[in-house]
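The values are calculated or read from the model by the stated rules, or taken from the named source; none is laboratory data. Remember, it's a predicted structure, so these values are computed and weren't measured experimentally. Using ideal geometry, Cβ is built from the backbone for each residue, glycine included, and neighbour counts are taken over all protein chains shown. To get the accessible areas, we keep the full protein, side chains included, count just its heavy atoms, and leave off ligands, DNA and RNA. Shrake-Rupley method; radii C 1.70, N 1.55, O 1.52, S 1.80 Å.
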Amino acid sequence: MSLNLYNTLTREVSSFTPIVKGKVGIYLCGATVQAPPHIGHIRSGINFDILRRWLIASGYEVTFIRNVTDIDDKILHNAINEQIPWWALAQKYERVFASAYAELNVMPPTYEPRATGHITQMVELISLLIKRGKAYALSNGDVYLDVRSLESYLTLSGQKLDDLQSTADGEESLKKNPQDFALWKSAKPGEPSWPTPWGNGRPGWHIECSAMSTKYLGETFDIHGGGMDLIFPHHENEIAQSCGATGKEFARYWIHNGFVQINQEKMSKSLGNFFLIRDVLKQFDPEVIRFFMLKAQ
């Protein structure tokens with residue numbers, strides 16, 4: 001039986017063909033471990049668990065990577081509110097996410113890399129982008145991707161560069177283009193930082209997934225997944241970074257699950273229309289939740 005997938009990149013449904021016969025590499029953007037997960041956070045885990053199980057049952061050897069974002073603006077903010085170290089907050093909620101996945105019968109990934117464990121790979125990737133003229137470092141230690149140096153930028157989301165607002169993630173007056181996004185952020189007082197050739201600092205959001213997917217799956221792999229909300233900017237920027245550094249195709253199939261909606265609105269903590277996994281599991285059996293989530297394509 002063939003597997004037909006809707007590829008966000010091509011905007012077409014096509015038959016899946018792996019790069020290496022009998023083997024499949026999948027990278028799924030995992031949790032930013034800033035707070036307890038609601039049911040919307042777990043939908044991608046359930047959806048891609050089904051895809052993975054189908055591939056295994058079909059005889060494929062599957063390498064499944066799901067990362068953990070354990071350094072992020074929201075993690076730093078919430079750690080201050082909870083009055084604990086940022087790393088303690090990240091570890092606390094990483095365990096909560098892991099427990100939720102397990103209760104919902106989501107298979108553990110082949111590897112589950114953390115962002116902070118791959119700073120070296122990020123620095124190497126950023127250095128390569130600078131060397132190839134695709135990125136530039138400012139005197140204050142910030143490093144940006146030059147989006148106008150990449151002809152293929154925005155092919156995933158189909159947007160026009162001049163229609164985009166500024167990224168607003170650094171010194172706007174010093175950037176080459178308002179839409180350039182941060183690969184590396186210079187150190188701020190009280191924040192964690194790591195040494196680099198450009199000075200102490202911490203990674204931007206997008207660079208971690210380019211670095212980790214390449215490490216575990218190679219420069220080109222089969223399937224990259226996540227929620228629809230990640231198409232732009234996260235996945236678009238991943239493609240820019242990765243292709244800019246290697247000059248090669250990044251992921252062949254881009255697969256995105258839809259949102260869990262409440263009254264036709266995306267479930268979101270900012271809207272307050274969410275249900276935490278721990279509360280839902282008190283009322284419904286995990287298999288019932290899985291079936292409910294999989295009723296939609």
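General remarks:
- Charge dipole magnitude, Cβ of K and R +1, D and E -1 - segment 166-261, Cα centre, debye nearest 20: 200
- Dipole check for the chain: with +1 at the C-beta of Lys and Arg, -1 at the C-beta of Asp and Glu, and the Cα centre as origin, the magnitude is about 460 Debye.
- Positive minus negative residues near residue 250 (Lys, Arg vs Asp, Glu; Cβ under 12 Å): -3
- Value at 222 nm in deg cm²/dmol, rounded to 500, when DSSP H runs of n ≥ 4 in the chain each add -39,500 (n - 2.57): -10000 deg cm²/dmol
- Charging the Cβ of each Asp and Glu at -1 and of each Lys and Arg at +1, and nothing else, the dipole of segment 76-182 about its Cα centre rounds to 260 debye.
- Each of 227, 255, 243 was placed along the dipole of segment 125-261 (beta-carbon charges, centred on the mean Cα), and the one lying farthest toward the positive end is 243.
- Rel. contact order, % - alpha carbon contacts under 8 angstrom, at least six apart, the chain: 23
- Net length available on complete extension from residue 107 to residue 83 is 5.3 nm, with 0.36 nm assigned per residue and the Cα-Cα distance removed.
- Hypothetical label at residue 155: residues of segment 172-202 whose amide nitrogen lies under 14 Å (7 Å Cα-Cβ projection): none
- Apolar share of the accessible surface for the chain: 52 percent from carbon plus sulfur atoms, 1.4 Å probe.
- DSSP-loop GluC sites (Glu not before Pro) across segment 53-120, with at most 12 other Cβ within 10 angstrom: none
- Given charges at Cβ of Lys, Arg, Asp, Glu: segment 26-77 dipole, positive-most of 71, 56, 29: 56
- Only protein heavy atoms count here; under a 1.4 Å probe, residue 169 has an accessible surface of about 50 Å².
- Peptides 285-294, 106-115, 196-205 ranked from most to least packed by the mean count of surrounding Cβ atoms within 10 Å: 196-205, 106-115, 285-294.
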